[in-house]
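K.L.:
Please read through the structure below; I'll follow up with questions.
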Amino acid sequence: MKSSTPSPNEQSGRQQSVTRRVALTGLLAALALIFSYVEVLFPFNAGVPGVKLGLANLVPLVLLYRMDERYAFAVNLIRVALAGLLFSGLFAALYSLAGSCVSFIIMLLLKKTDKFSILGVSMAGGVFHNLGQLCVAIFAISGPQLIHYMPVLILSGMAAGIIVGIGAYILIQRLPAKLFM
């Protein structure tokens, strides 16, 4: 009769795996934070206020496809919180948090359907990130005056999502799968 308790070797292997994933999550959160900082140093807004490329979204997007949604979401939240504290302030962090959460949920749902490529998932993520932020802005100023900005945010979200999606696709093809195990 086999014991239901794991052997010491099995416990050690599981612990190493968990430790490795936590360390990798921290490392990738730091990488996403660096990407956020690069966007602060070199803003790519094409002359449109509030528009960003979203380089930091590369990391959670790759993790969504290579690891598991919990790690991708954790990296996303850590990056938003730290970037908000370090670079933009509380209100900007709240806008970013809203956009990131809405975006992440949409990307996760679309990915789970297996009907969209990483490019389509990323593009939807870019659009919904902007729409999430717009909804918070409309709520914060208690009026729909900002709704006229929606077409600009949709188009910029699509463009940024395509660029980030291409980058994520290339990274997924080139990074060894065993890195994420």
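K.L.:
So what is the calculated 222 nm ellipticity per residue for the chain, using -39500 (n - 2.57) for each DSSP H run with n of 4 or more, over all residues, to the nearest 500 deg cm²/dmol?
P.N.:
It lands at -25000 deg cm²/dmol.
K.L.:
Where does each of S36, S88, S142, S117 land when they are ranked from fewest to most other beta-carbon atoms within 10 angstrom?
P.N.:
Arranged by neighbour count, lowest to highest, S36, S88, S142, S117 become S142, S117, S88, S36.
K.L.:
Using only Cα atoms, tell me the angle between helix 150-174 and the longest principal axis of the chain; keep it within 0 to 90° and round to the nearest 10.
P.N.:
It works out to around 30 degrees.
K.L.:
Work out which trypsin sites (Lys or Arg not before Pro) in the chain are exposed loop sites (DSSP not H, G, I, E or B, at most 10 other Cβ within 10 Å) and give the longest gap free of them. Intermediate results must be reported in sequence, preceding the final value.
P.N.:
Working: sites that count: K2, K115.
It works out to 3-114.
K.L.:
Obtain the nm distance between the two label points defined at I105 and I147 by a simple spin-label model: each point lies 7 Å from its Cα along the Cα-to-C-beta direction.
P.N.:
Result: 2.1 nm between the two label points.
K.L.:
Considering every Cα-Cα pair within region 8-180, what fraction, in whole percent, is farther apart than 26 Å?
P.N.:
Roughly 29 percent, once rounded to a whole number.
K.L.:
I've got another one for you. What ranking of F44, F128, F73 emerges when the number of other C-beta atoms within 10 Å of each C-beta is taken as an exposure proxy, fewest first?
P.N.:
F44, F73, F128
Taken together, the values in this text are just the output of simple stated rules run on the coordinates, not laboratory data. Please read all numbers here as calculations on a predicted model, not as lab measurements. Positions of Cβ are generated from backbone atoms using ideal geometry, with glycine treated the same way; all protein chains shown enter the neighbour counts.
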